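Here's the structure, in structure tokens; my notes come after.
Values in this text are rule-based calculations from the coordinates and carry no lab data. Just so it is clear, the structure is predicted and the values come from calculations on it, not from any experiment. As a convention, Cβ positions derive from the backbone with ideal geometry for all residues, glycine included, and neighbour counts pool all protein chains shown.
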Amino acid sequence: MNDLTFGALGLDRAVFCNLTYSEPTPIQRESIPHVLAGRDLLGCAQTGTGKTAAFALPILDLLQGAATSGRPAIRALVLAPTRELAAQIGASFQGYGGRLALRTRVIFGGVGKQPQIDALRRGVDILVATPGRLLDLMNDGEVDLSRVEMFVLDEADRMLDMGFIDDVRRITAAVPKKRQTLLFSATMPREIRALASRILRDPIELAVDPVASTVGPVDQSVHFVESGSKLRLLLDLLSGDGIERALVFTRTKHRANRVARDLEQAGVNAAAIHGNKSQSARERALAQFKAGELRVVVATDIAARGIDIKELDTVVNFDLPNEPETYVHRIGRTGRAGAGGSAVSLCASEERGFLTAIERLIQKPIRVHGGRAPARRAPLPQEPQRSRPSGRASSAPQEAARSQGGRRRRSGSRAASRY
Ligand code: AMP
């Protein structure tokens with residue numbers, strides 16, 4: 001089965017024989033042949049669509065096909081906004097490329113530099129990095145990017161949100177001009193379009209819809225509840241049969257800590273992950289969650305970015321996000337690559353405006369437990385019809401996400417420190 005499908009995209013068997021998947025996802029089908037043909041790519045897709053393999057498989061294919069002798073040089077550079085995402089991308093390269101003579105290394109901040117320096121000195125073919133630590137090591141003279149042939153920017157909109165865009169520009173300036181560049185972003189705010197037009201050459205543009213098609217059926221519902229009753233409601237939900245393992249989102253680190261502590265006190269195995277936790281504490285919590293030792297992880301948006309847990313059945317929005325695109329990112333954590341999942345939102349009266357903005361973005365009402373209060377039943381404002389650029393596999397919600405991203409995202413980096 002694998003032979004027919006991944007092989008038909010032009011990949012060498014050695015590159016896809018380690019896969020456990022039976023067929024490529026839409027983003028993989030659309031992008032792999034173009035990447036193999038050497039084209040630049042602008043991919044509008046979020047985590048959960050299979051985009052990591054969409055770039056990792058052809059990169060492995062191209063690099064193994066043009067092996068160099070002597071000590072490896074960095075020939076592919078992948079930038080990711082968070083440590084978790086960088087680690088996951090690195091693990092994907094290592095998993096897919098297990099039979100190839102290519103070395104992948106991951107570098108990110110929050111941990112000691114020396115092991116990363118030692119690994120770089122031994123030689124690396126594929127480097128996956130977060131921008132801050134990479135620049136740091138570049139300034140130390142430990143990273144040579146002069147041989148980079150393939151450059152990937154993953155989750156570019158999050159890099160913008162997190163204030164990394166200047167770092168990204170500096171790193172881009174250190175990579176050879178003659179290269180292949182792939183840029184992925186869940187939304188396309190104006191700044192990302194501008195960056196893309198500067199760093200990509202005649203790119204193929206692809207878009208896949210994270211909510212409706214590729215992420216699988218996510219059952220979305222909302223409970224209207226007063227703020228002070230959210231914890232009780234969450235405990236009620238957890239005591240029912242429906243939720244095996246849940247990722248719970250709160251607005252701030254402080255609330256994440258409090259909710260995790262209250263859950264623990266109520267007898268639910270839970271941990272919080274957010275930017276104040278050490279890397280090892282975050283990794284430990286994720287490993288326990290994956291192993292089924294923790295039933296709930298409470299997270300802020302930035303900490304949860306890129307979390308890939310196949311068994312995750314439920315995402316709970318303990319607090320609704322004030323940016324509707326964030327809701328799309330959050331619910332993309334469940335129902336991954338075709339599996340079903342559910343997203344439950346707890347909406348206090350002061351959050352009703354956020355709910356309206358989310359429903360406008362996803363262009364459908366979210367099912368209300370216990371019925372919707374009549375006063376709230378104002379019709380959803382109509383989005384103006386946008387014409388779809390020709391030749392793109394786009395979707396209405398994704399278009400809306402893209403068009404609204406630029407306006408809403410600008411507040412993101414200002415608020416980031418609380419998360
Ligand atoms: P990503 O969007 O790269 O974060 O991938 C999301 C999840 O989908 C990961 O758990 C991958 O292992 C999984 N995945 C990637 N490609 C496929 C595929 N062709 N079929 C099924 N699952 C996949």
*Residues with amide H under 5 Å of V368's amide H, sequence separation 5 or more or different chain, H placed in the peptide plane at 1.01 Å from N; which?*
V222
*asked:* Can you work out the Karplus-derived ³J(HN,Hα) for every residue in region 90-99? Use 6.51 cos²θ - 1.76 cosθ + 1.60 with θ = phi - 60°, whole Hz, and x for glycine or proline.
replied: x, 5, 5, 4, 5, x, 5, x, x, 9
_I need the phi-derived Karplus couplings for region 232-244: 6.51 cos²θ - 1.76 cosθ + 1.60, θ = phi - 60°, integer Hz, Gly and Pro marked x._
4, 5, 4, 4, 4, 4, 6, 7, x, 7, x, 10, 8
*Show the residues, 5+ positions off or on another chain, whose built amide H is closer than 5 Å to the amide H of F151.*
L77, Q180, T181, L182
*Amide H neighbours of I204 under 5 Å, counting only residues 5+ apart in sequence or on other chains, H built in-plane at 1.01 Å?*
D40, L41, L42
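Give me the percent relative contact order of region 7-207, please, defined on Cα pairs under 8 angstrom at least 6 residues apart. Intermediate results must be reported in sequence, preceding the final value.
Values: 353 pairs, mean separation 58.0, N = 201.
Relative contact order of region 7-207: 29 percent.
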_From the phi angles alone, apply the Karplus equation (6.51, -1.76, 1.60; θ = phi - 60°) to region 122-135 and give each ³J(HN,Hα) in whole Hz, x where the residue is Gly or Pro._
6, x, 9, 8, 10, 10, 10, 8, 8, x, x, 5, 4, 4
*Near K253, which lysines are there with a Cα under 25 Å away, not counting those fewer than 8 places off in the same chain?*
K230, K277, K290, K310
*For V297, V175, V106, what ranking results if the residue with the fewest other Cβ atoms within 10 Å of its Cβ goes first?*
V175, V106, V297
*Residues D136, D301, sorted so that the one with the fewest Cβ neighbours within 10 Å comes first*: D136, D301
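How high is the FRET efficiency from S221 to S197, r the C-beta distance, R0 51 Å, rounded to 0.05?
On the way: r = 40 Å, r/R0 = 0.78.
Computed FRET efficiency for S221 and S197 comes out at 0.80.
Gain in length, A14 to E350, computed as 0.36 nm per residue apart minus the alpha-carbon separation, to one decimal in nm?
Length difference between fully extended and current span is 115.5 nm.
To make sure I understand, if each residue's beta carbon is the centre and we count other beta carbons within 10 Å, what order do E23, E149 fall in, fewest to most? Write down the numbers at each step before the final one.
Numbers: E23 13, E149 19.
Going from sparsest to densest Cβ surroundings: E23, E149.
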*For Q363 paired with A119, estimate the spin-label separation in nm (one decimal), with each label point 7 Å from Cα along the Cα-to-Cβ line.*
4.2 nm
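Tell me, in nm to one decimal, what length is gained between R169 and R284 on full extension, where the rule is 0.36 nm per residue of separation less the Cα-Cα distance? Please report the intermediate quantities before stating the final value.
Numbers: separation 115, 0.36 × 115 = 41.40 nm, distance 3.28 nm.
The span from R169 to R284 would gain 38.1 nm if fully extended.
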